[in-house]
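Okay, so here's the structure we're looking at.
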Amino acid sequence: MMDTQPKRLFGAIEAGGTKFVCGLGCAETPELLERVQFPTGDSPTRLLDEVVAWFLKQQERHGALSALGVASFGPIDLDPRSPTYGFITTTPKLAWQFADLLGPLRRTFPHLPLGFDTDVNGAGLGEARWGAARGLEDFVYVTVGTGIGGGGLARGQLLHGLVHPEMGHMGLPRVGDDHFAGSCPFHGRCWEGLCSGPAIAARAGLPAEALPPDHPAWEMTVRYMAHALMNLTCVLSPRRIVLGGSVRKGGLLGEERFFQRLRGAFREVLAGYIQAPPLTEAGLEQYLVPPELGDEAGVCGALALAHDAWAEHQRRSAN
Ligand code: ZN
């Protein structure tokens, strides 16, 4: 007998600082039926027109969407009561400062449930559903690339609060006699200012991908990273840390060796203080891990956000 239940279709948008990835999927698996990417560029209006047009075309080809999910770079306004809800706010990407990201989508699809969250909460949700954090209700997802951000789940809920966590901007103790001034325009030597891709390039005079494995900038990066991850473990007590983004690929050092060195430095800074099996030398192999969805974590996360927005809408309509 044929399956007469048509699959629900969900739209996903990973809004990144360098590219927007749009996808269409059924959200039962992370596989996408359709996928496209656009350079972010410096005209939010033009880009959002393209994104909207792409989804309208997909609806013609595949049928109506049930919900849309957007996982965005930030900072973003997540407060539905705020007049700038759905806006990107104080980003250093000047053309995108106070850009209305959700507005064009809401105007085009006024009745569609919309899931909206940070790129890292989105990617974290994707990893929780289909990837390296399956079955975990308390974990952190961190991306270290052009910038540094963190999200994840606490007791099964995405991390929110006053706004959303800004883990990448935590202050870190100076390592040795390091004189690097840091590259964050707001704080100089915060985590992002010390370990993001541009920070590594500014420190070494070479992009991270081109750094020889024995370049001292790797050692500095690993040691600062270890401090930052220890802070996350001390503050949030995550059961696992999933580390995504480009820097974790380790350039010429390679991902495996990067993670080995990071786990070693992490154990060193923890100094045996927290006693838990995942924090032992063997346990760390499963505690500090790369994303299973790899570079697709963001768009898959947006798909999961869309699915959850739809489920929430169904729950509310039933009450
Ligand atoms: Zn900063």
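Based on the alpha-carbon gyration tensor of the chain and its eigenvalue square roots a ≥ b ≥ c, which shape applies: rounded if a/c is under 1.5, prolate if not and a/b is larger than b/c, or oblate? Don't skip to the end; give the middle numbers.
Details: a/c = 1.95, a/b = 1.56, b/c = 1.25.
In terms of gyration-tensor shape, prolate.
If you count only protein heavy atoms with a 1.4 Å probe, what accessible area per residue comes out for the chain, rounded to a whole Å²? Walk me through the numbers before you get to the answer.
Values: 15220 Å² over 319 residues.
Counting only protein heavy atoms, the per-residue value for the chain is 48 Å².
Anything in the chain that counts as a DSSP H helix reaching 18 Å or more along its axis (C-alpha) with Kyte-Doolittle mean of at least -0.5? List them, would you?
Details: long enough: 44-62 (27 Å, -0.65); 216-236 (30 Å, 0.64); 255-270 (22 Å, -0.65); 297-318 (31 Å, -0.07).
TM-like helix candidates: 216-236, 297-318.
If you take every residue apart from Ala226 with its C-beta less than 10 Å away from the C-beta of Ala226, what net charge results, scoring Lys and Arg +1 and Asp and Glu -1?
Values: positive: Arg223, Arg261, Arg263, Arg267; negative: Glu268.
Result for the neighbourhood of Ala226: +3.
Sort Arg240, Arg248 by accessible area with a 1.4 Å probe, largest first. Intermediate values should be presented prior to the final figure.
Working: Arg240 55, Arg248 15 Å².
If we order Arg240, Arg248 from most to least accessible, we get Arg240, Arg248.
With every protein chain present, what accessible area does Arg106 have (1.4 Å probe, heavy atoms only), rounded to the nearest 10 Å²?
110
Kindly sort Phe55, Phe98 by accessible area of their heavy atoms, largest first, with the probe set to 1.4 Å. Please report the intermediate quantities before stating the final value.
Values: Phe55 0, Phe98 110 Å².
The residues order as Phe98, Phe55, largest area first.
Round to a whole number: what % of the accessible area of region 133-290 belongs to carbon and sulfur, probe 1.4 Å? The partial results should precede the final answer.
Values: 4050 of 7510 Å².
Percent of accessible area from carbon and sulfur atoms in region 133-290: 54.
Contour minus end-to-end for Asn319 and Glu34, with contour as 0.36 nm per residue of separation and end-to-end as the Cα-Cα distance? Walk me through the numbers on the way to the answer.
Numbers: separation 285, 0.36 × 285 = 102.60 nm, distance 3.39 nm.
In short, 99.2 nm is gained.
What number, in percent, do you get for the relative contact order of region 164-319 if the mean sequence gap of Cα pairs under 8 Å and at least 6 apart is divided by its residue count? Write out the running numbers ahead of the final one.
Working: 158 pairs, mean separation 27.5, N = 156.
Computed over region 164-319, the figure is 18 percent.
Given the protein chains as shown and a 1.4 Å probe, how many square angstrom of Met170 are accessible, to the nearest 10?
The value for Met170 is about 40 Å².
Would you work out the relative contact order for the chain, in percent, from Cα pairs under 8 angstrom that are 6 or more residues apart? Numbers along the way, then the final one.
Values: 627 pairs, mean separation 68.2, N = 319.
Rounded, it is 21 percent for the chain.
Assigning unit charges at the beta carbon (Lys, Arg +1; Asp, Glu -1) and nothing else, what dipole magnitude in debye, to the nearest 20, does the chain show about its Cα centre? Each step should come with its number before you reach the end.
Numbers: 28 positive and 34 negative charges, 71 e Å.
The calculation lands at about 340 debye.
With a 1.4 Å probe and all protein chains kept in place, how do Asp138, Asp214 rank by accessible area, largest first?
Working: Asp138 40, Asp214 130 Å².
Output order, biggest surface exposure first: Asp214, Asp138.
Quick check on the chain: helices-only [θ] at 222 nm, where DSSP H runs of length 4 and up contribute -39,500 (n - 2.57) each and the sum goes over total residues. Nearest 500, please.
Details: 9 runs with 113 residues, N = 319.
Computed mean residue ellipticity for the chain: -11000 deg cm²/dmol.
State whether region 196-319 is rounded, prolate or oblate according to the following rule on the C-alpha gyration tensor (a ≥ b ≥ c being the square roots of its eigenvalues): a/c under 1.5 gives rounded; otherwise a/b larger than b/c gives prolate, and the remaining case gives oblate. Numbers along the way, then the final one.
On the way: a/c = 2.67, a/b = 1.52, b/c = 1.76.
Oblate, since a/c reaches 1.5 and b/c is not below a/b.
About the Cα centre, and with charges only on the beta carbon of Lys, Arg (+1) and Asp, Glu (-1), how big is the dipole of region 133-290? Nearest 20 debye, please.
Roughly 200 debye, rounded to the nearest 20.
Between region 241-256 and region 85-106, how many Å separate their Cα centres?
29
How would region 88-223 be classified by its alpha-carbon gyration tensor: rounded, prolate or oblate, with rounded meaning a/c under 1.5 and the a/b versus b/c comparison settling the rest? Numbers along the way, then the final one.
Numbers: a/c = 2.27, a/b = 1.60, b/c = 1.42.
Prolate, because a/c is 1.5 or more and a/b exceeds b/c.
What are the residues whose amide H is under 5 Å from the amide H of Gly69, where those residues sit 5 or more places off or on another chain and H is modelled from the backbone?
The list, which skips near neighbours in sequence, is Gly11, Ala12, Ile13, Gly115, Ala306.
The values are calculated or read from the model by the stated rules, or taken from the named source; none is laboratory data. The structure presented is a predicted model; accordingly, all values stated were derived computationally and were not measured. Cβ coordinates were reconstructed from backbone atoms using ideal geometry, including for glycine residues, and neighbour counts include every protein chain displayed. These area figures cover heavy atoms from the full protein model, side chains too; ligands, DNA and RNA do not enter into them. Shrake-Rupley method; radii C 1.70, N 1.55, O 1.52, S 1.80 Å.
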